[in-house]
Amino acid sequence: MSLPACPSCNSDYVYQDQSLLICPECGYEWSPVEEALEAELNKVKDSNGTELAEGDKVTFIKDLKIKASSQVLKIGTKAVIRRIVAGKDHQLDCKVDGASDMMITAKFVKKA
Ligand SMILES: [Zn+2]
């Protein structure tokens, strides 16, 4: 059984102590069972209710104005999800076609 990387510092040196997983590098301890439940609650879904994963390609379903700039990302713009940050307003850390990396709200995209 392979253990997950530390959710706090991403270390690969996580070890198991009874029901807890422990990261020796940053001291973070967590329960994989609770983590799994939380993961279920934190599933990030697109506008159609399709679950999104890192590496998925998505397209925008509406024009999105970029905060702190006058640039607008047009409906249909393609992006690749680099990272998912559940529990935030903008859950998707995306590489957007023709723009830089940015955080996008999951309900404004659909899986391509
Ligand atoms: Zn750690």
**OP:** Kindly indicate whether any position in region 3-17 is within 26 Å of Ala106 (Cβ to Cβ), more than 10 Å from the ligand (Cβ to nearest atom), touching a strand residue (DSSP E or B) at 6+ places or on another chain (Cβ under 8 Å) and open to solvent by 50 Å² or more (accessible area, probe 1.4 Å).
**Re:** yes
Subject >> Unique match (being without any contact (Cβ under 8 Å) to a residue 60 or more places away in the chain and within 22 Å of Asp12 (Cβ to Cβ)) among Asp97, Asp93 >> reply: Asp93
**OP:** Within region 18-73, track down each residue that is part of a loop (DSSP other than H, G, I, E, B), open to solvent by less than 40 Å² (accessible area, probe 1.4 Å) and free of Cβ contacts under 8 Å to residues at least 40 places away in the same chain.
**Re:** Cys23, Ser31, Ile66
Original post:
Within region 100-112, can you find the residues that are farther than 19 Å from Thr50 by Cβ and surrounded by 16 or more Cβ atoms within 10 Å (Cβ to Cβ)?
Top reply: Met102
Original post:
Among the residues of region 32-86, how many are aromatic (Phe, Trp, Tyr) and under 14 Å from the mean Cα position of the chain (by Cα)?
Top reply: 0
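The values are calculated or read from the model by the stated rules, or taken from the named source; none is laboratory data. Since the structure is predicted, the reported quantities are computational estimates derived from the model, not experimental observations. Cβ: placed from backbone, ideal geometry, glycine included. Neighbour counts: every protein chain shown. Please note that ligands, DNA and RNA were not included when accessible areas were found on the heavy atoms of the full protein model with its side chains. Shrake-Rupley method; radii C 1.70, N 1.55, O 1.52, S 1.80 Å.
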